[in-house]
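What follows is a short report on a single structure.
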Amino acid sequence: MLVALAAFALILSGDIAPPSSASTTRSIYVSLSGDDGNPGTAVLPVSSFNTAYRLAKPGETVIVSDGRYPYQQLQDDPSKKTTKDVTFRPAQGATVSIDSIDFGQDQTGIRGAKHVTIANMSVGYLRSWSSAEDLTWRNITGKHFDVIGTKDVTIHGGTFGPCTVPQDDPICVPRIAGAAGVVMEGTTIRGMVSTDLAKYHVDGLFLMGSKDVQIRDTKFIGNMVTHIRIQNIAANAWNNADITIQNSWFDAPLDRDGVKTRADAIDVDN
């Protein structure tokens, strides 16, 4: 009786709320045949990752169609006020490769995107800058990467390499520099080599002046000179601190000739 009276009172006052429907999370769509003037639907997709990121709400997914995409840059979107990630993933059955992705670009004053996951793609070169934050690279296959001054980056799974300098790239060294809160877990770094070490130095991974870096369950295979080089950067007053390496596997790194092996899998130059 109390429930009926309450409902009756609401009818009289005209305050009945419309029936609630189950909430749905939409997706934004990217395609090589899309246009950035489109709304990002499955029928009218956009063409760039940055436009998709701008259209997506926190917590939504960007579905990327099959194909090889050119350079992408993901820029800061101040309208996003929560920490829920926008997640980029391939469409079902699609194979997606991207030449390279920049999260911002400090050298030109472009602030990087925050709260982004990139998953299950091939990316030739990934680079995040100091203005980017809270990034996840999940199951990425690529040549190498740079984390430069970024806070809170997770590299989960995936494989980086092989990469031969200078044939494949001028810098075949994954680098974590001036960063904080970086986790690398279940990743493989392999085949970082140089055909001219006098001009093009390589390592498996270069940690430079970073803090709170955790490397777990990661494999280092067939890299030249050393697998992990740890070094402070005095010019920037960047000092390494709280570096943890655990449950990881190292083979013997390659010497300068690419055939003989060395004993220094981890080289601390501080």
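Out of S122, S131, S194, I need the residue that is at pLDDT 95 or above, touching an Asp or Glu at 6+ places or on another chain (Cβ under 9 Å) and more than 19 Å from Q214 (Cβ to Cβ). Which one?
Checking each option against the conditions leaves just S131.
Among strands (runs of 3 or more DSSP E) lying entirely in segment 189-248, which contain 1 or more residues that are aliphatic (A, V, I, L, M) and out of contact with any Lys or Arg (no Cβ under 9 Å at 6 or more places or on another chain)?
192-194, 211-216, 228-231
F88: within 16 Å of R54 (Cα to Cα) and buried (at least 17 other Cβ atoms within 10 Å of the Cβ), yes or no?
yes
Kindly evaluate S100 against the criterion of being surrounded by fewer than 19 Cβ atoms within 10 Å (Cβ to Cβ), modelled with pLDDT of 95 or more, polar (S, T, N, Q) and in contact with a strand residue (DSSP E or B) (Cβ under 8 Å, 6 or more places away or on another chain).
yes
Failed condition for V43, given (1) among the aliphatic types (A, V, I, L, M); (2) touching a strand residue (DSSP E or B) at 6+ places or on another chain (Cβ under 6 Å); (3) in a loop (DSSP other than H, G, I, E, B), with all others met?
Only one criterion in (1) among the aliphatic types (A, V, I, L, M); (2) touching a strand residue (DSSP E or B) at 6+ places or on another chain (Cβ under 6 Å); (3) in a loop (DSSP other than H, G, I, E, B) is unmet by V43, namely (2).
In segment 48-128, which strands (runs of 3 or more DSSP E) lie fully inside it and hold 3 or more residues that are of a type outside the set (F, W, Y) and under 19 Å from T187 (Cβ atoms)?
96-103, 114-119, 122-128
So, G109, is that one surrounded by fewer than 17 Cβ atoms within 10 Å (Cβ to Cβ), closer than 22 Å to W238 by Cβ and modelled with pLDDT of 95 or more or not?
Spelling it out, G109 is indeed surrounded by fewer than 17 Cβ atoms within 10 Å (Cβ to Cβ), closer than 22 Å to W238 by Cβ and modelled with pLDDT of 95 or more.
Could you list all residues from segment 136-193 that are touching a residue at least 60 places away in the same chain (Cβ under 8 Å) and in contact with a Phe, Trp or Tyr (Cβ under 6 Å, 6 or more places away or on another chain)?
G178
The values are calculated or read from the model by the stated rules, or taken from the named source; none is laboratory data. Since this is a predicted model, take the numbers as computed values, not measurements. Counting neighbours? That spans all protein chains shown, and the Cβs are built from the backbone with ideal geometry, glycine included.
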